[in-house]
Structures are given as C-alpha cells and as structure tokens.
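What follows is a single structure, written as structure tokens, with notes after it.
The values are calculated or read from the model by the stated rules, or taken from the named source; none is laboratory data. Bear in mind that the values here come from a model prediction, so they are computed numbers and not experimental data. Here the Cβ positions follow ideal geometry from the backbone for every residue, glycine too, while neighbour counts run over all protein chains shown.
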Amino acid sequence: MRPQIYKVERIGGGVLAVMAKPASEWLDAELAALAAAGIRTVMSLLETREAYELGLAREADICEGCGVEFIHYPIPDRGVPPGVPSFRAITKRAQERIASGDDLVIHCRAGIGRSGLVAAGVLLHCGYGVQDAFALVSKARRVAVPDTAEQEAWLHEHSRSIVAR
C-alpha cells in the first residue's frame, strides 16, 4: 500500500513532497512503497508521544531497513517549531538534500499544518517569499496550508532570520 504523496516542487535534482502520516497497520508496506517510489528521506514532525499513540514508534527503524534516511523534528500538533535556529538548520538541511538529488517527504498527522509550515520553510531557502511558498504547498496539497494562523504568523515573523546566511 502506497500513501498519497503530494509533490510540491522540484529543487535541483530532487523533489520536495508532503503527505499525511503513514498508516500504522501497514507501516512496513507503506515505507517500503515510499522507498520504491524513490523517496530517500522521510521527515516526521510528530512528537514522540504522538508517534507512539499513532502506532508509528518503529518508523525510524523501518525506514533504515528500507534504505531511507529518517529525520525527526518534533513540533506540537497545531503548534510552531521549538526555535528559529533549529528550524533554519532542519529546513536548510532538507533543501540541500533535495537539491543534491534526494526526494524528501515531510509528514505530520494530516500533512497540512506542520508539514505545510516546514515545506514552506524549505522553499524560503530556494528564494520563495512566505506567501508564495504557502501557495505552492497549498496547491500541491489541495488544501490551504498551514493549519493555523499562529503557524502562518510564525513563518512571516521569522522568515528573514530563517534565510539569513
């Protein structure tokens, strides 16, 4: 079973994508399907407790077994990142991986709020403005992102610091 992947943008040789969380009952099959589809990096924004509650505690191990890098950057549901320096680092790392040829998918619970925020953050490193980045992710996801006004305001407020060299 392959989860629905929403391709946001090609960046260099790779693709930035978002998705909802993988299904716990088909976790092995879904992560193997992502690997077979060319996904080389999975970034989960679920908090550790949330991942356990959703049956995704083994996601990192299964990704490793499939040859997929797993990045964990927890953000509270409907919340904002823990800080600008860590957000800058994780979004820059993602942008560099994608530009070098990796297809990278970001997920939270529904693939809208936190995923939309982080995907837009990656796009800031590619020269997009905040509104254009959110518009591009919204178009790909087929729903308005991010999920909350707080998430949108956070990226607007910190966008200059995020892309500062």
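Just the residues that are of a type in the set (Asp, Glu) and either closer than 19 Å to Leu136 by Cβ or part of a loop (DSSP other than H, G, I, E, B) (or both), please, taken from the range 65-95. Spell out how you get there, then give the answer.
Of all residues in the range 65-95, those of a type in the set (Asp, Glu) come to 69, 77.
Within the range 65-95, Asp77 is the sole residue that qualifies.
For the range 9-63, which residues satisfy the criterion of being among the β-branched types (Val, Ile, Thr), within 17 Å of the chain's Cα centre (by Cα) and more than 20 Å from Val137 (Cβ to Cβ)?
The answer is Thr48, and nothing else.
Identify the residue in the range 95-119 that is in contact with an Asp or Glu (Cβ under 9 Å, 6 or more places away or on another chain) and among the hydrophobic types (A, V, I, L, M, F, W, C) and, among all such residues, is nearest to Ala153 (Cα to Cα).
Of everything passing the filter in the range 95-119, Leu117 is nearest to Ala153 (Cα to Cα).
Hey, any hits in the range 134-142 for a residue that's under 20 Å from Gly12 (Cα atoms), touching a Gly at 6+ places or on another chain (Cβ under 8 Å) and modelled with pLDDT of 95 or more?
yes
Which residue out of Val80, Val68, Val84 is in contact with a His (Cβ under 7 Å, 6 or more places away or on another chain), over 15 Å from Leu16 (Cβ atoms) and touching a residue at least 24 places away in the same chain (Cβ under 8 Å)?
Criteria check complete, one pass: Val84.
Would you please name the residue that is nearest to Ala144 (Cα to Cα), looking only at residues in the range 76-111 that are surrounded by 24 or more Cβ atoms within 10 Å (Cβ to Cβ) and among the aliphatic types (A, V, I, L, M)?
Out of the qualifying residues, it is Ile106.
Do we have Ala120 as surrounded by fewer than 18 Cβ atoms within 10 Å (Cβ to Cβ) and among the small types (Gly, Ala, Ser) here?
No.
Among the numbered conditions (1) under 17 Å from Val15 (Cβ atoms); (2) among the aliphatic types (A, V, I, L, M); (3) part of a loop (DSSP other than H, G, I, E, B), tell me where Ala110 comes up short.
Going through (1) under 17 Å from Val15 (Cβ atoms); (2) among the aliphatic types (A, V, I, L, M); (3) part of a loop (DSSP other than H, G, I, E, B) one by one, Ala110 breaks only (1).
Taking Val145, is it at pLDDT 95 or above, under 15 Å from Ala17 (Cβ atoms) and part of a helix (DSSP H, G or I)?
No: the conditions fail for Val145.
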